[in-house]
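Novice: I have a structure I would like to understand better, so I am pasting it below and will then ask my questions one at a time.
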Amino acid sequence: MASSSNRIITPLDARDLARQGLISNRNENGTRQMHKRRLNRSSDEENHNISLNVPLQSAAAINAFVTIPDELISRATLTHVGFSEAKADALWNTWTDWPSSALGPRRETDPDDGGLQMTFIDFITGPFVTSNDTASDNEADWKRVMGQYGLSTEVQHAILDPNFKYLRLSESCAFWAKDTVEMRYNGLKEIQAASHERERALRRAVNRPSQASAAPRQGRQSVSELQRSNAPGISLDSSASARAIAARNAPGQTVLFKVIDQGRIRGLLDDSGALQNIDALLSSPPSDFSGRRDMFNFTPDFKVAQYCAAYAKRRTNAEAVVIVCIAIPNQAIESMAAPKIQRLFWPSPEWKEYVWLCRNHKTAVKPLRKFREATLLIGSISRKPNSAYNLLESWENITEAYVLKTERDGAQRPAVQYVFSGDEDGEEFLTMNITQSIQVFPFTRADFESFIEANEVLFS
């Protein structure tokens with residue numbers, strides 16, 4: 001029998017959802033059918049056009065329900081996050097037949113012995129770090145490598161979607177494979193968190209029977225508030241809404257964007273929707289402007305954010321993707337002076353050399369250390385994966401093909417990024433200036449479809 005902590009949908013919540021016809025029983029494959037509007041904290045709004053009264057056995061159910069694992073750590077989860085049936089069998093057999101040697105790490109499901117621990121997500125994504133990789137322009141190479149990873153045909157097609165080839169080639173096959181699996185796994189944890197919140201509400205209702213006499217329909221309408229209550233601040237409006245458009249055109253503000261799956265921003269905002277833990281927005285090294293330190297990376301170009309969000313959404317299963325929008329008073333940036341603020345753009349030799357050093361984990365030479373010490377570094381975004389920089393003998397071999405371009409003023413121009421130090425100075429600057437101005441907008445399926453229709457050749 002599954003432990004309560006491993007169940008994605010809690011028993012009490014499952015009974016309540018089943019009573020409403022919003023979830024099926026567990027089948028022999030260890031999965032359930034669940035209504036799309038009850039998945040996570042923003043799914044009710046994203047799927048508002050789907051009726052809650054669609055019968056599970058009807059033809060319309062295929063568009064109203066999705067398949068989810070019954071347990072988080074399970075074989076069913078392996079296929080959900082993107083592995084083929086054969087690879088899921090192999091991974092699950094290894095996990096369940098874990099060696100009992102005292103020298104190796106224990107599984108996260110084993111009793112705590114004070115030693116090393118192997119989490120399920122680290123176990124299933126580990127091969128992406130140690131296996132073969134490719135960053136070639138040849139699609140056949142990507143298919144071969146993804147086949148070696150054991151990714152399903154569905155995930156391979158999503159990663160290789162031709163609409164996103166330009167962005168895909170900015171990273172390697174292993175990067176996108178790992179990112180996709182992690183995003184889908186985080187999505188399951190989001191579904192689990194939403195279920196726990198609904199269960200808490202059900203238990204509170206039992207203790208207040210006088211307040212629990214609402215009609216079933218009325219009760220269902222209020223569930224979206226419960227789903228969002230454990231992560232306030234996520235907008236009811238999508239990234240294409242009038243509110244979002246107004247947010248990205250705030251007068252007197254420098255507006256910046258970051259794309260992230262919703263499962264990775266837990267704890268970012270407090271109960272009032274104000275900034276609580278900005279570390280949720282940190283990006284790991286190596287990156288364009290950091291070889292060894294976490295940094296806060298944003299773009300001022302909404303088209304770049306849209307493109308990244310659309311590619312993330314294309315690779316999701318039942319997950320939510322959001323665009324984080326922050327507004328910094330222009331005066332706060334304009335009052336900064338060197339060495340606190342630095343600018344570094346293509347095609348300057350400094351940009352080429354610093355990006356090459358950072359991507360290769362090399363120490364910056366003395367004339368370039370001013371960039372490492374900056375609180376804010378504004379500059380061009382590079383486009384190639386780390387392996388491409390590893391192959392270059394010198395920074396002087398970097399060409400324009402290593403620069404991410406976006407359409408601006410009718411021409412293809414280098415995309416821009418604002419990179420804040422991940423140390424105390426950068427965190428303090430952001431905390432002081434965006435605490436009350438941070439907004440999070442879901443990038444919905446409708447946003448995705450509109451973007452594809454309007455921008456199939458936006459990047460070429």
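The values are calculated or read from the model by the stated rules, or taken from the named source; none is laboratory data. Because the structure is predicted, anything quoted here is derived from the model rather than measured. Backbone-built Cβ (ideal geometry, glycine too); neighbour counts: all protein chains shown.
Novice: Within region 51-66, is even one residue without any contact (Cβ under 8 Å) to a residue 12 or more places away in the chain and outside any loop (DSSP other than H, G, I, E, B)? Spell out how you get there, then give the answer.
Specialist: Just the residues of region 51-66 that are without any contact (Cβ under 8 Å) to a residue 12 or more places away in the chain, to begin with: 57-60, 62.
Then drop every residue that is not outside any loop (DSSP other than H, G, I, E, B), which leaves 62.
Yes.
Novice: Shifting gears a bit: Please name all residue pairs, on different chains or six or more residues apart, with Cβ atoms under 7 Å, provided the first residue is in region 348-368 and is among the acidic types (Asp, Glu) and the second residue is at pLDDT 95 or above.
Specialist: These pairs meet every condition: GLU350/LEU344; GLU350/LEU368; GLU353/LEU368; GLU353/TRP395.
Novice: Moving to a separate point now. Test SER136 against the stated conditions and say whether it is small (Gly, Ala, Ser), touching a residue at least 40 places away in the same chain (Cβ under 8 Å) and surrounded by fewer than 19 Cβ atoms within 10 Å (Cβ to Cβ).
Specialist: Working: small (Gly, Ala, Ser): yes; touching a residue at least 40 places away in the same chain (Cβ under 8 Å): no; surrounded by fewer than 19 Cβ atoms within 10 Å (Cβ to Cβ): yes.
The answer is no for SER136.
Novice: Can you tell me how many residues in region 266-286 are within 25 Å of TYR389 (Cα to Cα), in contact with a helix residue (DSSP H, G or I) (Cβ under 7 Å, 6 or more places away or on another chain) and surrounded by fewer than 16 Cβ atoms within 10 Å (Cβ to Cβ)?
Specialist: 0
Novice: OK, next. From the residues in region 234-265 that are out of contact with any helix residue (DSSP H, G or I) (no Cβ under 7 Å at 6 or more places or on another chain) and assigned to a loop (DSSP other than H, G, I, E, B), which one is farthest from VAL440 (Cα to Cα)?
Specialist: By that ranking, first place goes to PRO251.
Novice: Further question on the same structure: Scan region 174-189 and tell me whether some residue there is at pLDDT below 95 and among the hydrophobic types (A, V, I, L, M, F, W, C).
Specialist: Checked against the condition, which is being at pLDDT below 95 and among the hydrophobic types (A, V, I, L, M, F, W, C), region 174-189 yields no hits at all.
Novice: List the pairs whose first member sits in region 408-419 and is free of Cβ contacts under 8 Å to residues at least 60 places away in the same chain, whose second member is not acidic (Asp, Glu), and whose Cβ atoms are under 8 Å apart, counting only residues at least 6 apart or on separate chains?
Specialist: Close Cβ pairs (under 8 Å, with a partner that is not acidic (Asp, Glu)) amount to GLN412/LYS405; GLN412/THR406; ARG413/LYS405; ARG413/THR406.
Novice: Given the residues GLY104, GLY21, which is the only one that is in a loop (DSSP other than H, G, I, E, B) and on the phi > 0 side of the Ramachandran plot?
Specialist: Just one listed residue meets the conditions, GLY21.
Quick grid of which residues meet (1) closer than 19 Å to ARG200 by Cβ; (2) of a type in the set (Phe, Trp, Tyr); (3) touching a strand residue (DSSP E or B) at 6+ places or on another chain (Cβ under 8 Å):
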{"site": "ASN40", "(1), (2), (3)": "yes, no, no"}
{"site": "GLU45", "(1), (2), (3)": "no, no, yes"}
{"site": "ASN49", "(1), (2), (3)": "no, no, no"}
{"site": "LEU56", "(1), (2), (3)": "no, no, yes"}
{"site": "ALA59", "(1), (2), (3)": "no, no, no"}
{"site": "ASN63", "(1), (2), (3)": "no, no, no"}
{"site": "GLU71", "(1), (2), (3)": "no, no, yes"}
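Novice: Continuing with the same structure: Which residue pairs have Cβ atoms under 6 Å apart, sit 6 or more places apart or on different chains, and have a first residue in region 375-390 that is closer than 20 Å to THR299 by Cα and a second that is β-branched (Val, Ile, Thr) and outside any strand (DSSP E or B)?
Specialist: SER382/VAL355
Novice: Report yes if some residue within region 193-209 is of a type in the set (A, V, I, L, M) and either within 30 Å of SER283 (Cβ to Cβ) or at pLDDT 95 or above (or both); otherwise report no.
Specialist: So in region 193-209, the residues of a type in the set (A, V, I, L, M) come out as 193-194, 201-202, 205-206.
Keeping just the survivors that are either within 30 Å of SER283 (Cβ to Cβ) or at pLDDT 95 or above (or both) gives 193-194.
Within region 193-209 (the criterion being of a type in the set (A, V, I, L, M) and either within 30 Å of SER283 (Cβ to Cβ) or at pLDDT 95 or above (or both)), the answer is yes, since at least one residue qualifies.
Novice: Please specify each residue of region 399-438 satisfying the condition of being more than 18 Å from VAL324 (Cα to Cα), charged (D, E, K, R) and surrounded by fewer than 20 Cβ atoms within 10 Å (Cβ to Cβ).
Specialist: Matches in region 399-438: GLU400, GLU407, ARG408, ASP409, ARG413, ASP423, GLU424, ASP425, GLU428.
Novice: With respect to SER131, is the statement that it is at pLDDT below 95, among the hydroxyl-bearing types (Ser, Thr, Tyr) and surrounded by 14 or more Cβ atoms within 10 Å (Cβ to Cβ) true?
Specialist: yes
Novice: Among strands (runs of 3 or more DSSP E) lying entirely in region 346-415, which contain 1 or more residues that are over 21 Å from ASP137 (Cβ atoms) and within 24 Å of the chain's Cα centre (by Cα)?
Specialist: Working: elements: 376-380, 405-408, 411-414.
Strands (runs of 3 or more DSSP E) meeting the threshold: 376-380.
Novice: Could you list, in sequence order, the residues of region 115-154 that are more than 21 Å from ASP97 (Cβ to Cβ), within 22 Å of the chain's Cα centre (by Cα) and of a type in the set (A, V, I, L, M)?
Specialist: VAL129, ALA135, MET146, LEU151
Novice: Just to be sure, is THR94 farther than 18 Å from ASP261 by Cβ and not in a helix (DSSP H, G or I)?
Specialist: no
Novice: Considering only region 418-439, I want to know if a residue exists there that is modelled with pLDDT under 95, assigned to a strand (DSSP E or B) and touching a Gly at 6+ places or on another chain (Cβ under 8 Å).
Specialist: There is at least one residue in region 418-439 that is modelled with pLDDT under 95, assigned to a strand (DSSP E or B) and touching a Gly at 6+ places or on another chain (Cβ under 8 Å).
Novice: Here's a follow-up. Looking at region 300-307, can you tell me whether even one residue there is of a type in the set (A, V, I, L, M, F, W, C), assigned to a strand (DSSP E or B) and touching a residue at least 40 places away in the same chain (Cβ under 8 Å)?
Specialist: Step one: list which residues in region 300-307 are of a type in the set (A, V, I, L, M, F, W, C), which gives 302, 304-305.
Pick out the ones that are also assigned to a strand (DSSP E or B) and you get none.
No, region 300-307 contains no residue that is of a type in the set (A, V, I, L, M, F, W, C), assigned to a strand (DSSP E or B) and touching a residue at least 40 places away in the same chain (Cβ under 8 Å).
Novice: Please find, within region 141-172, the residue that is surrounded by the fewest Cβ atoms within 10 Å (Cβ to Cβ) out of those that are touching a Phe, Trp or Tyr at 6+ places or on another chain (Cβ under 7 Å) and of a type outside the set (A, V, I, L, M).
Specialist: Looking at the filtered set, the residue picked out is TYR166.
Novice: Continuing with this model, one more query. One residue is enough: does region 36-47 have a residue meeting the conditions more than 18 Å from THR316 (Cβ to Cβ) and in a loop (DSSP other than H, G, I, E, B)?
Specialist: No, region 36-47 contains no residue that is more than 18 Å from THR316 (Cβ to Cβ) and in a loop (DSSP other than H, G, I, E, B).
Novice: Among the residues in region 22-42, are any farther than 21 Å from THR153 by Cα, more than 21 Å from the chain's Cα centre (by Cα) and modelled with pLDDT under 95?
Specialist: no
Novice: Of PHE298, PHE302, PHE289, which residue is surrounded by fewer than 22 Cβ atoms within 10 Å (Cβ to Cβ) and over 29 Å from PHE65 (Cα atoms)?
Specialist: After applying the criteria, what remains is PHE302.
Novice: Output yes when any residue across region 341-357 is surrounded by fewer than 22 Cβ atoms within 10 Å (Cβ to Cβ) and basic (Lys, Arg), and no when none is.
Specialist: yes
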